[in-house]
Structure formats: structure tokens, C-alpha cells
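One structure is given here, and the rest of the page talks about it.
Just so you know, all these numbers are worked out from the coordinates, no wet-lab data involved. On a predicted model such as this, the values are computed, not experimentally measured, just so you know. FYI the Cβ positions are ideal-geometry reconstructions off the backbone, even for glycines, and counts take in every protein chain you see.
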């Protein structure tokens, strides 16, 4: 299905990432955004509020993030594509509702422009420390899809893709951008509507009385209907059967009890290969592979250039889809290379996944950064150099001591003059 | 069956609305049979978020008639209640209040909801109709589980209103699944002896206190432009022809 | 430090996990609980309320879990040891304030009684699917300490430990139990008050005008004072310097946040606790925690009876994870068997730390929940049969469960 | 006359600022924009603290997030800058855990009424003994001018680019109907009355709310073309009317309409701790 020309503001723009995400959402056919202002994601909400009414879409600023995500799920079941926009603290507030979204299989998108954390942290500067939260933040077992764009153009493109994935797999999809990308102004090309591919909602077309809201198709994803179309829906956040009716705990009787929640994780895990998107470069003879995502990828490019200048063979792997994690790819690479270098703007999150998937075959070096800034490419280059020269197998993640750390803790840096 | 649910189902029928257009959002799980019988769509969402979820449903499809059941005494969801009242979001909120009995009776309450009995018995409850009224609800009423007939009519009236309507129902709280079908006869007796109906009473005077009788009745009934009308009017004024108003099927794919 | 004598119910009692937890809290000197009732954590609140008058402890039922944890953090700064109790959905709501607790470096204890998730799940059925959430649930970088008791007695002991850890490292500590332990009634031995080790709060003792709320000692833990003692301190959830004043710089972020992680990461060996049984010559090691303990121990016995060399590693402290221990065992054993009531959480940590040296067999959720002894035994057999070193987790799915 | 008296007290030798005891001088200059009313309110607050004659050692201040959320950082009391909207919840914990403390929550309209609306109404219902000072500048200023639950109908904001479509809250009415015992509203122009009001409310047991209408020269007045801070102050001067004891339901504020200020509610109700202690002694008796 192609995008509706009414929703697409075709043209070439110079805009920041947040704005591009707002344009992308509308182009993807988003009809409802419930949001709450939070730096640094507000511009996306502002953009949507400005362009939505002309396309019959609506932006509502809810009273808090709890309300905004609940309204988004409501709107999703009313039959429209929906999104919410937030950053770290708001994202933490949404955790309970994300579980509900996974449970009632409402397709919706969350745009999280990450900032420095924890808690209020550094609101106006960047961070990548919500990556694990995206996967594990809500209680109970569920799987989500998370995408990490690295430029305003990608925030446009991957917002559309996020909508498509959420419709396809009926699960919450997170766009885990960061403040740098969100506030970076670059050229953004909005293509004509006929060049934008849109995944339509998987509506049920059979006879009304036969409809089961949670009866899966072959790919484990059930079909949806709209509220108010006379299907007599019963949708609950409790563990439910195919009809949607809650099932009770029968374990006291000592019986086996099959839980339908298994499908919620399987529908992503078994389709992981179709979902995962990566880019790789220079892998053929690489001794060290740099694994990065989001803004760190763009910094890593420079770090790799420096290292290559010293004659080191470095491969560059970029995770566009961070969740589900490309276990197989990393595992495969691990048997070929000496080490992985993972620069990320946190003190170790995705690096542990890389460590897990490398199964002790390659060393893993973390180049950390606390946030409120990006890496110094020299640090990445030095970490690469270290990794290529390290002969031993090291049974833990090596945390590279960055220039910043040395400066702050050893260089006599004074915070209070 | 719980008298409130029965009254609710009868109330919808009395209102003459298209049943398939009604969506019930609740943080209390209903028995599936009830929903099947009522012929409405039903969403059981996280605690306290029924009103916010309903807001999304309404704005996603303005043709829907949304009814939100809140069973948590507006604790978790209090904020959504006051803000939706302020916006005058078109929806009916039925607030099931099980707090009062314990407050007033002063004796150990029957275990209507295990675990809740001992808590905070010293705290003053909200004057729910007044709170709703003060933040802009167009319709407020209070009934007990005993006033099934009045409750039915009230629900039918409220569904007729365009705007944010709140009906508080004093009842044993169906906080947990199994209790939804249980009603305590002792409690009904208590309501019978201790309530008085005063329609159109100023909501300031309907606070529930241990000393006075519970005032029931329809308290507020006013006209105010609902959110979607205000939205369409304001944006239409500014944007003119470019604006695609909410409502009908215009904005939907 | 002495405990309040009235607070310690010395003797042997039959208590449920939830009740034992509160007794542990009182024994540890807890004087404040803010909570919002939720299944299956309600009994903790009831027990607290029942005993609060004689102990002199304060209780408030807040309007939601968000405010409950906020109130707990506030109360902790008044000098009272504070806690909250909740279950999955409430725990999710607390995530933002878990981050605040970390940033303000406030000692407090959160009891999460896990139930089947996600979302509302099944309120009266046990689950273990909040394990990763406890570690990663809030935004930003932080480390937490999480204890996973496996019996009412451990509920009692670990709650005391949790308070001690939280005071020692000035951080929120999570005790992650589940519906099964919470409602299981068992004999709980409460020692005399003087037999209970209590870590006192690390108060600042110097001059008033010299106090800096985030000036770290050598172990990276700063010292605390109480509100109302005239220190006129300022604390903020923003990135801050030693004074607690916000500074929005990259350097300050490094200065502030990195030590918050170090104070846990550099003391992992002191924090991590586990119980080992028969791992010396084991071919297979069952890694378990919390509610699956019973089934795991039974399975171990059954397997031993069959002549299989099987050992057990019970994780008492789940976070920080005992990386070294697992890595060390991985080099000796053939495989790990990890039973969990979820679809794979701690098992991925075991996979990570085994560095490809041992197979990792995961016994998932099981349709039998905590009663999955036979599943574990079958998984052990599967582990023995597997000659190849597999990459990735091998999931054992019970016959009845496969579809 | 209070601010003057304060200066008199310290008049010789003047090597420290007269507010040195109450403001954190090492944090100045503050972050607020020129023309903003928060600074004025903070001055009034400092003077009010002085006038209230309370033990400052036993007083603490809690803020949420936002422009006004930064107030706690400038006040030399035990001060807490917490998460967005949770100031009242945090303060409730402090107050209940240690009832000897005097707790003040100083925050903005978005923080207290939007995201923190639930805590606001519940704390009022419980009648937790605290003073809430709510700066109302009709907009989210820290994040750059988004629509707030106090933005008047048809006023512009960045997330209501075609005019606000939601009627605003009448904060005194909301506070009153939830059960606050002391409710007043002033503008940033009414410094002396605001000071007196703060001093009075600080000595009032129970949940007290003071709304302070404040100009936001950077966002609200710029987006709506209302001039600078001084123009807003002039507007307040010409358009505010003092009506003590006015029924709180008549206190709606429209876009550039008359603002009614004054003290509206001053009543007695048992505070949370009163009820709690009463209940506690009751249970103790029952146990005996």
C-alpha cells in the first residue's frame, strides 16, 4: 500500500531530526499522537500538532505520560495508526502501559529521544542509556522491536518503517533515537507519496461471529478489528485466550497450564530474521569489528578511519534494529574476528549482548561515555588498537578508559571553581 | 449478577443507542458473559488508565460512545478524571466506590475486597461529584447499589449528554475478579437506611461524612461544548478550508 | 547498632513470605512504608499495618505506586528507613523513581512480589519475569542490588540484608520475591535482636558548613544527613556535583554517574552471595533462584539418584550478577540448566558469563510453573545427551507445552 | 513592609546580601529570563519565610521539574529537586515520616496540576500539612512553550499552534473542591500581599495552596504577542481585582481577561496527621 498524498509533505528540507520524525509519522499514516512535552523530544510533538489538522489527524497533549500512552493504545484499537513521543523519564513512566500494549497487541510506535540519565539527568544533552530499558523495562515476558536511527533523514524513514513493523507484528515499536540525532539539522528528502510503502493494518475480513481477536495467523500475529464495529470485543490485559477472555490460575490443582503469552515472545523471536536490519562494511578481512548504533555509529566511522590509517583491519557493523538483537550475526562474526569494540553513550548495555553472543570467541571492548556528549573518535581508535593487539582471551567486558574519564578523575578537573 | 452491571446494561438499552457503537473501558475485569450479553466492545486496561484509554478511543474514532468504569476510587486515575473533565471529553465515567461503607460503619467491614479493609480508614474520601463538577463535568450523579432503577435512568440520561459525565456508584467494589457477582445484603440494608435522594443539590453539600446521610441524586446537568466541538470550531476558525474536522469518517482511512 | 526490641519478634513462627518480609523489615529498623495495594503484595501492607502501632512505624497508602516510591525516597531523607511493597504492574510504575532513588543515592527497599505478566497477567500466579526489569527498568545508567529469596525464612533474612545493603551503598535495593513464596507459610526463625546485624546509616559527622551531600568516601559512597538537622543541603535528580548543584556538562555527567556505577561494580565480590551444592565434581549445574529453588533441589536429588553428577548454584543476590562464579564453573562443567518462570531472562546472563565453555539449557516457564521438577530432570538428561558445544541457549520445552 | 524590615535588620555592615540566610548565593545568578515573575515570587517567599517566624532549620522545600522547579535549588533550606510532577508525593513522604518538619512545595502549573494533578488532589483530600506555591505562567516554559492545563482558551502555544482548545483549570476551585484549607491567588505584582499570604499559610495547619500568576515573557507573551514582562505586569495592574472570600468557582481566567485575586478559602479541617494519630490511638485502645 502507498502513502496517502495528503499526509506527505514532499520536498527537500533542512530540518532537525525531531521535526523529521513528525513528518515521518504523518507520512506513515499516523492519525493520533498523544504526547506530553519533554526535552529533547518536544519538537516532534510540536511538528505533528502543526501539520496534523490539515490531514485529519489529531495531536492531543495529555496530562502526563501515563495518560498519553494509554490514549495511544485506545486510539490504536479504534482503528487508526498511533504514536507517542517522549524521552527517558517519560519513557520510564510508560513502562506499565508498554506491557499492556504487548498484551493486547495494540500496534503503536514510541519515539524515545534519549537524553543523559539516570533520573532527570541532563535533559538537553544526549545519551543512549535506555537501550536495555526498551527491551526489559516492563514487567513480565514480552518482546519489542527497537530501531536506532542516526540522522534526521533516518528519523523520517525509520519512523515510517516503525509504523510498518508495528502494524505487521502488532507490537509496540520503539524508535530509540538520541538527543544528538533529534536536534541535528540536516538535509531531509521527503519523497513523493507513491514512493512510500505503507503497511496497512491487518484487518479481519471474515464473518463477524467467527472473529477471535487473538487467534494468530501462521506468522503468529492475529488479525485486528476496530472498536465500535459490532464485534463485541473483550480485550483485557489479563492473560487471555483466543477469544480474549481472561484465563484463571489453575496451577494450584497441580495441572499443566499452557499460557498463551508464549506467542507474544515467539512472534518476534521466530520472525527475528525478517525484522533485523544491519549494515556492515569492511568485514571481509576484519580483525576487529566495531558494533555501534545511533549517533555512536557516526562517531565510530571517524574512529575507524583513524584506526585504518594505522593499518588496522576494522569492520564496521551498525545495528539499525537493536531489538530483536542479531544474535546469529554476532555469533558468526565472533568466530572470525579477534575482538568487538562497542562504543555506546552509556556505561555498558548493548555491549553485554555482544559479549553474550560472542560466546567467548572474541574479546569485547566497551568504549563508554556517560552521556551529555559523544565519544572522542580517538578513544574508539585507541580501543581498536588495543583490541587488535590483545593476545589473551579476556573473560569479561573490557571497559576502555576514555580521555574524558582520565580528565575528570585523574586530570585534576575541578567542577566547582 | 452485580446490580451495577445489570443497571448499566439496562441503562444502555434505555438510552436507545446503537450497542455496537458503545465501547466500555474498565480497570475492573467484567465477566465475559456480561459483555457478550450487553453486546458492547470491552477493554480491560491497566489500573487507573481507563479514562485515558477512552480518550484515545474517542479521538481515534469520534463516532464511538465511550464509557469508562473506574473501580479504584480515582486513586491511580484521579488525574485523568480531572483533566478529562476540564477538556470536557465526551465520555461517561462510572466510578464504583467501595470505600464509604467502611468509613461510615465504623465497624470492621465485610470483606468485600480482601486486603483493603484495614487501610486508611481514617482518610476522608473524595466528594466525587463535587470534584467532577469543579473540573467541568456536564453531568454528575451519585447512586448506591440499591438504587438500580434510578441508576439505569441516570446512565441513560448521561449517555445522552454530550460531554464529560460522572456517575458515582456506592457499592461493594468489584476490585477482584471473583467478587463481581457478589453483593452483600447487609450492605444494601445499610444503604437503604442511610441514604437520601436530593436531586439538583449543590455538589458542595454532598460530601459523605460519618455524621450525615449519604446524599444521592442527579446533581449537575449543564451544557458545555464538548472537546471535539471546541477543537473543530477553533481549528476551523484559524485554518479555514485546509482543516479536516474530526468526526464522521473524514479523518479515517 | 541496636534494633528496636519491640520490632523483633524473636522466636519461631509460622509465617507467609509476605509476613516474614515485614518482620525482617521491622527487625532491620524500617519505620516507614508507603504503598498502594496490589495483588499479591497486599499481605505485606496488612502485616505492616497490624504491627505498626507497637513498633512505632508509620504507614501511608498513597494514590498510586509512583507516589508511593516518591514518598519513600522523601521519607528516607528524614532519617527513617523506608520501604515499599508492590507487584509487577506497580513495579513498572515505580521505574522513574527507581532512577531518582539512584540519582539522589537514597537508601530504600522495594519489595517486588512477582506475578505472571506481562501487563495485568494472572494476579494470583507466580512469575519470575521482572528479573531483568529490576536491573534495566529505569532509563539511564545505574546498577542495583537485587536479592531473590527462595523461602519465607529467606524473605526475613534477605529483607534485613536488603536494608543493610541499601544503607551501606546508599542505593535502592530490590527484594524480588514471587507469589509462591509470598503466600507460602513456613516456619520462620527470628533470632534475638542482638543477634541481628544492622548496618547503620552513614551519617556525616563533620562541620555543618563543610557538608557536601555527594562527596564520596573512598568506596564511592557519599554520606547522608537528615532533613531538619540544619545542614541546608540541596539534592537534585539532575546531573550534579558534590554540592548537589546541577551542572549540565559532559564532565559532570562522567563525574556524577560513573561513580554511582562504581560503588556497586567495584564491590561486586562483597555483595554477591550464592549457595553452592555439589558443584565440585558436577557435570551439570542447575542455576536457580527464588521460587524455582524447591523444584530445582528436588530435581537435583532425583538426578543424583539416577547417578548423574549434578550440582546446584542458588543465586541469593541476582544483581549484580555473579559473572566470575559462572565463568569459573563454565570451564569445569558440561552444561548449565536454568529453570525460570519466564521465557528467558537470567538464562541469558548465564549464557553471557559461560563464554561458550558450557552449554546452557533453559527450562522455560513450563506449563507447570513452580512445579517443574520433572521438566528440570528431563532438561538435565538432555544436557547430558548433548555432545556438541552449542552456540546460544538450548531451550527445553516440556512435551505437553510444545505446540 | 516586611522586605524593608529585613533589610533594616542587617543594615550595618552590609557586606552580605540581606537574603543571604535564605538564598543560596553561590548559585546565583539564576536561570530565569528577564521579565519572568518567578524571581519576584521567590523574593516574596523569602520575605514570607522571614515573616512567618518559623524554625528554618526544620523547614524544607521540594520542587518538581520546570522553570519553577528550579526554585528549590536557590533556597537555602533542605531542598529537593525531584522528578516531574512528584513534588507533592515526595513531600508527603517527608511530612508523614517526620511530622515536625515544615514542608513547602514550590513548583509550576504544569508540574503540579498537569502531571502532578493526581498528587495535588489527593494531598488536598488527605489534608497533608504542607504549603503548595504554584506559579502559574499559563505555559510549559522550560520545554519551550507547550500548551498547559492552565493555558486560556484560544491562546497560542507550540503544541496548540492554532489556539488552545481545552478550557483551563481554575486552580483555586480545584484545590478548594479537593479539600484544601487555605487557598489564595496573587499575581507576581502583588508582592506585599503575596508575602503576607505566604507567611499566613506557613502557619496554617493543613494543605494550603497559593497560586501566583506570573508573566512568561519568553514564551507565553511572545507567542501570544503580549509584550514583555513589564507589559504583563502592567496588564496585571490594570486587570486584577482583589476579592477576598470570593466563591472559588468564579475564578476562571480567560485569555487576557480580568484576574480575580485574594484569599478565597481559610477553613479548619483535621490534618492527615491528626486523623492518623486519632486512628492510631483508637487501634491501640482496641488492642488493649
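Rounded, prolate or oblate: pick one for region C:24-133, where a ≥ b ≥ c are the square roots of the eigenvalues of its C-alpha gyration tensor, a/c under 1.5 means rounded, and failing that, prolate if a/b is larger than b/c, else oblate.
Verdict is oblate for region C:24-133.
For the protein assembly as shown, just list the percent of Cα-Cα distances falling in each 10 Å bin from zero outward, please.
That works out to 2, 9, 18, 24, 23, 16, 7, 2, 0, 0, in percent per bin.
Starting from the Cα of residue D:100, step 7 Å along the direction of its Cβ; do the same at residue A:210; then give the gap between the two resulting points in nm.
Using points 7 Å along Cα→Cβ, the separation is 7.5 nm.
Using just the helices of chain D, give the 222 nm mean residue ellipticity in deg cm²/dmol: DSSP H runs with n ≥ 4 each add -39,500 (n - 2.57), and the total is spread over all residues, rounded to 500. The partial results should precede the final answer.
On the way: 9 runs with 95 residues, N = 288.
The helix contribution divided over chain D gives -10000 deg cm²/dmol.
Please label the shape of region D:14-58 as rounded, prolate or oblate, based on the square roots a ≥ b ≥ c of the eigenvalues of the alpha-carbon gyration tensor (a/c under 1.5 means rounded; beyond that, a/b larger than b/c means prolate, else oblate).
Oblate shape, in that a/c is at least 1.5 and b/c is the bigger or equal ratio.
What order do you get for C:386, A:405, B:223, C:349 when you list them from fewest to most C-beta neighbours inside 10 Å?
On the way: C:386 14, A:405 20, B:223 10, C:349 24.
So the residues, fewest neighbours to most, are B:223, C:386, A:405, C:349.
Add -39500 (n - 2.57) for each DSSP H run of 4 or more in chain C, then divide by its residues: what number comes out at 222 nm, to the nearest 500 deg cm²/dmol?
-11000 deg cm²/dmol
Could you tell me how far the Cα centroid of region B:205-225 sits from the Cα centroid of region A:116-160, in Å?
With region A:116-160 and region B:205-225 each reduced to a Cα centre, they are spaced 47 Å.
Between D:26, D:176, D:238, find the one with the highest GNM mean-square fluctuation for chain D; connect C-alpha pairs within less than 10 Å.
Taking springs between Cα atoms under 10 Å, the residue moving most is D:26.
How many partner chain Cβ atoms sit within 10 Å of a residue's Cβ in peptide C:265-278, on average, as a whole number?
0
How well do other chains shield peptide C:383-393, expressed as the mean number of their Cβ atoms within 10 Å of each residue Cβ?
2
Nearest-5 percent of antiparallel DSSP beta bridges in the protein assembly as shown?
Among the beta bridges of the protein assembly as shown, antiparallel pairing accounts for roughly 25 percent.
Enumerate the residues in region D:131-159 having an amide nitrogen under 19 Å from the point lying 7 Å beyond the Cα of residue C:248 toward its Cβ.
D:139-147, D:158
What spacing in nm lies between the two simple spin-label points modelled at residue C:205 and residue C:374, each 7 Å away from Cα in the Cβ direction?
6.2
Divide, for region A:278-409, the radius of gyration over alpha carbons by 2.2 N^0.38 Å, where N is the residue count.
0.93
Just to confirm the number: angle between the C-alpha axis of helix A:17-27 and the first principal axis of chain A, 0 to 90 degrees, nearest 10?
The angle comes out near 30 degrees.
Provide the packing ranking of B:49-59, B:129-139, i.e. peptides ordered by the mean count of other C-beta atoms within 10 Å per residue, highest first.
Sorting B:49-59, B:129-139 by mean packing, highest first, produces B:49-59, B:129-139.
Using DSSP, restrict attention to beta bridges with both residues in chain D and report what percent are antiparallel, rounded to the nearest 5.
20
Tell me the label-point distance for the pair residue A:280, residue C:229, using the 7 Å Cα-to-Cβ offset, in nm and rounded to one decimal.
5.7
Using a 10 Å cut-off around each Cβ, can you sort D:209, A:388 from fewest to most neighbouring Cβ atoms?
Sorted ascending by nearby Cβ count, the order is A:388, D:209.
Roughly how crowded by other chains is peptide A:38-46, in terms of the mean Cβ count from those chains within 10 Å of each of its Cβ atoms?
The shielding value for this peptide is 4.
Can you bin chain D into rounded, prolate or oblate? Criterion: square roots of the alpha carbon gyration tensor eigenvalues sorted a ≥ b ≥ c, rounded for a/c under 1.5, prolate for a/b above b/c, oblate for the rest. Walk me through the numbers before you get to the answer.
Details: a/c = 1.68, a/b = 1.22, b/c = 1.39.
Since a/c reaches 1.5 but b/c is at least a/b, the shape of chain D is classed as oblate.
Using Cα atoms only, what is the angle between the long axis of helix C:250-265 and the major principal axis of chain C, expressed in degrees (0 to 90) to the nearest 10?
Between helix and principal axis, roughly 60 degrees.
Highest first, please rank the peptides A:408-414, A:263-269, D:111-117 by the mean number of other Cβ atoms sitting within 10 Å of their residues.
My ranking of the peptides, most packed first, is D:111-117, A:263-269, A:408-414.
Please determine, in degrees from 0 to 90 and to the nearest 10, the orientation of helix C:373-385 with respect to the longest principal axis defined by the Cα atoms of chain C, where the helix direction is its Cα long axis.
60
With springs only between Cα atoms under 10 Å apart, run a GNM on chain D and tell me which of D:64, D:48, D:227 wobbles the most.
Looking only at D:64, D:48, D:227, the biggest GNM fluctuation is shown by D:227.
Which one of A:88, A:67, A:140 has the biggest mean-square fluctuation once chain A is modelled by GNM with Cα springs under 10 Å?
Residue with maximal mean-square fluctuation among A:88, A:67, A:140: A:140.
Any chance you could get the radius of gyration and Dmax over the Cα atoms of region C:5-195, in Å?
Every Cα atom of region C:5-195 included, Rg and Dmax give 14.8, 44 Å.
Determine, from the Cβ-Cβ distance of residue A:310 and residue D:33 and an R0 of 60 Å, the FRET efficiency 1/(1 + (r/R0)^6), rounded to the nearest 0.05. Write down the numbers at each step before the final one.
Details: r = 49 Å, r/R0 = 0.82.
The formula returns an efficiency of 0.75 here.
So for C:254, D:211, C:273, fewest C-beta neighbours within 10 Å to most, what's the order?
Least to most surrounded, the residues fall as C:273, C:254, D:211.
Write down the percent of antiparallel bridges among all DSSP beta bridges whose residues are both part of chain A, to the nearest 5.
30
Got the relative contact order for chain C handy, in percent, Cα pairs under 8 Å and 6 or more residues apart?
Dividing the mean separation by the residue count of chain C yields 15 percent.
For the ranges B:15-22, C:329-336, A:331-338, what's the packing order if you count other beta-carbon atoms within 10 Å of each residue, average per peptide, and put the highest first? Provide the component values of the computation, followed by the final result.
Details: B:15-22: 16.1, C:329-336: 20.5, A:331-338: 18.2.
Final packing ranking: C:329-336, A:331-338, B:15-22.
Return the FRET efficiency for the residue pair residue D:204, residue D:17: r is the Cβ-Cβ distance, R0 is 35 Å, and the value is rounded to the nearest 0.05.
On the way: r = 29 Å, r/R0 = 0.83.
Efficiency at R0 = 35 Å is approximately 0.75.
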